[in-house]
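Q: Sending over a structure as structure tokens; questions will come in a sec.
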Amino acid sequence: MEYPLIDANEAENTRDKILLTAVKMFSERGYAAVSMRDIAHEVQLKPASLYHHFDGKEALFDDIVETISQAYMDFYDRTGREVAKVESFAQVLDCLFAELKVVYHMFIHYGVSLLAAEQYRSDKARMAFNNIYIGIGIDYSARLFDDAIAKGWVKPFDTQAL
């Protein structure tokens with residue numbers, strides 16, 4: 001699936017359309033409030049057809065969590081490569097915002113709220129939330145600022161710059 005995709009109707013295949021629809025519905029209503037029948041209705045499929053693509057609702061959810069995780073890992077990798085080429089802190093910020101525009105898709109947009117809400121229900125969601133937002137996200141941000149300080153682009157404790 002290409003990450004810039006944000007509308008389920010633009011999906012090239014049924015599986016992607018199901019994923020995009022489900023992530024939006026789970027995020028907006030919560031996992032417990034959405035049935036496979038609801039997703040099938042929204043995707044305009046017979047409920048039994050969903051089971052050709054996913055073993056069940058939890059398998060669908062797990063696939064969404066994996067896709068969200070991969071989208072964020074790709075974001076951190078791409079941004080890291082671009083930031084390594086810059087010559088100022090302003091360019092670091094430009095890289096970050098440029099990449100955020102690229103990845104502002106269904107899984108990033110809805111992923112934050114979905115993982116935050118479902119981390120209490122699902123161990124997989126909790127591990128992904130902790131890894132993406134707390135572990136890697138904070139470490140990544142700290143490295144960016146440490147590099148900016150080391151290169152003299154900002155001074156330590158310069159709260160306006162940071």
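Q: Regarding the range 60-80, can at least one residue be identified that is at pLDDT 90 or above, over 17 Å from the mean Cα position of the chain (by Cα) and not acidic (Asp, Glu)? Full working, then the answer.
A: To start, the set of residues in the range 60-80 that are at pLDDT 90 or above comprises 60-66.
So of that shortlist, the ones also over 17 Å from the mean Cα position of the chain (by Cα) come out as none.
No: the range 60-80 contains no residue that is at pLDDT 90 or above, over 17 Å from the mean Cα position of the chain (by Cα) and not acidic (Asp, Glu).
Q: If PHE97 satisfies every condition in (1) assigned to a loop (DSSP other than H, G, I, E, B); (2) surrounded by fewer than 15 Cβ atoms within 10 Å (Cβ to Cβ) but one, which is the exception?
A: (1)
Q: Kindly list, by first and then second residue, each pair from a residue in the range 10-31 that is touching a residue at least 24 places away in the same chain (Cβ under 8 Å) and over 15 Å from HIS109 (Cα atoms) to a residue that is part of a loop (DSSP other than H, G, I, E, B) and of a type in the set (A, V, I, L, M, F, W, C), limited to pairs with Cβ atoms under 9 Å and residues at least 6 apart or on different chains.
A: These pairs meet every condition: THR14/LEU45; ARG15/MET1; ARG15/PHE54; LYS17/ALA11; LYS17/LEU45; ILE18/ALA11; ILE18/LEU45; ILE18/PHE54.
Q: Kindly provide the set of residues from the range 104-153 that are among the polar types (S, T, N, Q) and either open to solvent by less than 70 Å² (accessible area, probe 1.4 Å) or not in a helix (DSSP H, G or I) (or both), ordered by number.
A: Of everything in the range 104-153, those that are among the polar types (S, T, N, Q) and either open to solvent by less than 70 Å² (accessible area, probe 1.4 Å) or not in a helix (DSSP H, G or I) (or both) turn out to be SER113, GLN119, SER122, ASN130, SER141.
Q: Within the range 137-160, how many residues are touching a helix residue (DSSP H, G or I) at 6+ places or on another chain (Cβ under 6 Å) and closer than 30 Å to GLU28 by Cα?
A: Of the residues in the range 137-160, 1 are touching a helix residue (DSSP H, G or I) at 6+ places or on another chain (Cβ under 6 Å) and closer than 30 Å to GLU28 by Cα.
Q: Here is a check on your reading of the model: is TYR110 under 30 Å from LYS151 (Cβ atoms) and among the aromatic types (Phe, Trp, Tyr)?
A: It is false that TYR110 is under 30 Å from LYS151 (Cβ atoms) and among the aromatic types (Phe, Trp, Tyr).
Q: How about the range 25-92: which helices (runs of 4 or more DSSP H) wholly inside it have at least 3 residues that are loosely packed, with under 13 Cβ neighbours inside 10 Å? Don't jump to the end; show me each part of the working.
A: Working: elements: 36-43, 47-50, 57-83.
Output list reads 57-83.
The values are calculated or read from the model by the stated rules, or taken from the named source; none is laboratory data. The structure displayed is predicted, hence computed values, not measured ones. Every residue, glycine among them, receives a Cβ derived from its backbone with ideal geometry; neighbour counts consider all protein chains shown. Note: accessible area is taken over every heavy atom of the protein model, side chains too, but ligands, DNA and RNA are not part of it. Shrake-Rupley method; radii C 1.70, N 1.55, O 1.52, S 1.80 Å.
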